[in-house]
Amino acid sequence: MRIARPTVSSGVLCLATALYLLAFTNTPFWQKLGAYFAAHPSKLIVGGTAVFLVHVAILLVFSHRVILKPMIMLLVLVAAGGSYFADTFGTIIDRNVVEAALTTTSAESGALITPNFLLHMMVYGVIPCLLVALIRLSDPPFLRKLAVNTLICIICLVGALILIGSDYGSFSSMYREHRVDIMGRLMPSAVIRSLASYATHSVSDRRIVMKPLGVDAKQTLPSLLSGKKLLTIIVVGETARAANFSLFGYDRATNPELAKQAVVAFPNTASCGTDTAVSLPCMFSPFTRVEYTQSKFRGSENLLDVLKHAKVQVAWFENNTGSKGVADRIEYKDLQAFDDKRFCESGECKDQILIESLKHYFGSIRGNTTVVLHMTGSHGPAYFRRYPQEFAKFKPDCRTSQFSDCTAEEIRNAYDNSILYTDHILSELINLLQANEGEFASSMIYMSDHGESLGENGLYLHAAPYFMAPEVQTHVPFIAWFSPEYASATKLDVSCLKAGAAEAASHDNLFHTVLGMTGVATSVYDQSLDRFSDCRRK
């Protein structure tokens, strides 16, 4: 039995596609645009009509029978995928989100492929594509088609200009002030634009010549009087928001173990970005948040290179999605690649693997050393995978990546359990350092790369554009611990630090604070950005 295949012209198909994309894959866009023009619904109609006309014109440009159907199917699939994440998590898909998606692990990306995602893609992507594939295209001769399409394109574009020009002040103001928040939700153009931006920056970044940094660096504490080695541990947290740390006033006991340790907690700390791809390189770079760009990072060595120039032994232990270029020139251990069955399952490892790996590394330390531990922390949406079952203190906890199957309380419980496990890992690290005080004068500094949204204002996860990101995505925990001998050797007054802990801090401080902690003198050190300098005895 042969299936009857309807025949339509390419112009009709373009018109239908534009209507479909705008009507079925752009709910967040219309919600934001409608909220902006809530007091003037006529402007919403005018603006929406202009957007529709532009879509029709663009599609008509590519309406050759050879490429039109494949192109429409690709656009529909991209729009369907983008609309799922925009609808479900409130995600704005910009260049940083694209980079994060393309550089994440298969295990993390797999956590996002939920039954709801597959159903959404089937309904809004696959089925419409099958319908497009079924259609036969019927067009007039090429020259006539070209003339007609050109005329229609001109009419559409002129019509859009007239509509926008009818109240140019309102529409231009909306675009200037809400280009990301509103137009950044328009599918599939937001995804395509961000992919193009990522590709362009990737190509240009490859041409950047890296300049050395801090080649004059020297250790001012090459050896301690006790003969011990100075050991500095930098723990980079993942997706930990300060709002859920009881050390900073959260009403749940998510830090019961650290509360018993002699730590200094800095409650007013801001991140450089809202996703790992930005925050991680930024916090190790010599640039402040307002100065930082990916191109600048690519064109300069970073904190770990400076320490290496000073002959400090440096290593990076990775239990996340990579160092984003920070650890390219130092000793690097990808712990997830080891697939240690004690801690790892389905390509992901619990953060306990960091502690066990550090224990084994102690035997290879030959001098003053700095080690970075990059945690998997509280990365979502699969928070339940970040902690062993014995740390499921807050119940019931969400046991799926599909948030729609969980209540807000269950999601919060799972996230808090992941913070509880981070608390345990940091406390265990301190205990390990204390157990090796005979060989090392140790310290630990912990900073998360960014925070997380847990449904506030309809947002989940992270990676919101910084200028509009909620505070829970930029307010991060910052905690430090020092052994008595470390504090003595580096002339650090810990009681002074505790007294001034409430003063503002940020990722801007990490580069210079670590140089001060490790006793490394260099021309690139800025004392004003060393968060501990005021409490270091001269």
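Numerical summary
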{"read-out": "Residue, nearest to Glu356 (Cα to Cα), within segment 454-484, restricted to residues that are of a type in the set (Ser, Thr, Tyr) and surrounded by fewer than 24 Cβ atoms within 10 Å (Cβ to Cβ)", "value": "Ser483"}
{"read-out": "Verdict on Thr25 being at pLDDT 95 or above, crowded, with 19+ Cβ neighbours inside 10 Å, within 30 Å of Phe403 (Cβ to Cβ) and among the polar types (S, T, N, Q)", "value": "yes"}
{"read-out": "Entirely in segment 32-104, the helices (runs of 4 or more DSSP H) that have 1 or more residues that are modelled with pLDDT of 90 or more and buried (at least 20 other Cβ atoms within 10 Å of the Cβ)", "value": "41-61, 68-89"}
{"read-out": "Residues (touching a strand residue (DSSP E or B) at 6+ places or on another chain (Cβ under 7 Å) and of a type in the set (D, E, K, R)) located in segment 410-438", "value": "Arg412"}
{"read-out": "Criterion (more than 22 Å from Phe171 (Cα to Cα) and not hydroxyl-bearing (Ser, Thr, Tyr)) met by exactly one of Val56, Val46, Val66, Val51", "value": "Val66"}
{"read-out": "Segment 4-22: number of residues that are surrounded by 14 or more Cβ atoms within 10 Å (Cβ to Cβ), of a type in the set (Gly, Ala, Ser) and free of Cβ contacts under 8 Å to residues at least 40 places away in the same chain", "value": "1"}
{"read-out": "Selection status of Lys350, out of contact with any helix residue (DSSP H, G or I) (no Cβ under 8 Å at 6 or more places or on another chain), in the same structural domain as His450 (by TED's automatic domain parsing) and more than 30 Å from Gln219 (Cβ to Cβ)", "value": "no"}
{"read-out": "Condition met for Asp305 (in contact (Cβ under 8 Å) with a residue 24 or more places away in the chain and closer than 23 Å to Val209 by Cβ)", "value": "yes"}
{"read-out": "Some residue of segment 197-211 being under 20 Å from Gly48 (Cβ atoms), modelled with pLDDT of 85 or more and hydrophobic (A, V, I, L, M, F, W, C)", "value": "no"}
{"read-out": "Counted residues, segment 360-392 - those being within 17 Å of Glu345 (Cα to Cα) and among the basic types (Lys, Arg)", "value": "2"}
{"read-out": "Residue tally, condition assigned to a helix (DSSP H, G or I) and either small (Gly, Ala, Ser) or modelled with pLDDT of 85 or more (or both), over segment 105-118", "value": "9"}
{"read-out": "Hits in segment 496-528 (condition: in a helix (DSSP H, G or I), free of Cβ contacts under 8 Å to residues at least 40 places away in the same chain and of a type outside the set (Gly, Ala, Ser))", "value": "Cys496, Asn509, His512, Gln527"}
{"read-out": "Scope segment 427-461; condition closer than 30 Å to Glu409 by Cβ and in a loop (DSSP other than H, G, I, E, B); matching residues", "value": "Asp449, His450, Gly451, Glu452, Gly455, Leu459"}
{"read-out": "Test result for Val263, surrounded by 18 or more Cβ atoms within 10 Å (Cβ to Cβ) and within 30 Å of His201 (Cβ to Cβ)", "value": "no"}
{"read-out": "Failed criterion for Pro222 (all others in (1) surrounded by fewer than 19 Cβ atoms within 10 Å (Cβ to Cβ); (2) free of Cβ contacts under 8 Å to residues at least 40 places away in the same chain hold)", "value": "(2)"}
{"read-out": "Subset of segment 338-358 that is among the charged types (D, E, K, R) and in a strand (DSSP E or B) - its residue that is nearest to Leu433 (Cα to Cα)", "value": "Glu348"}
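The values are calculated or read from the model by the stated rules, or taken from the named source; none is laboratory data. Predicted model only: the values in this text are computed from it and were never measured. Note that each Cβ is placed from the backbone with ideal geometry, even for glycine, and that neighbours are counted across all protein chains shown.
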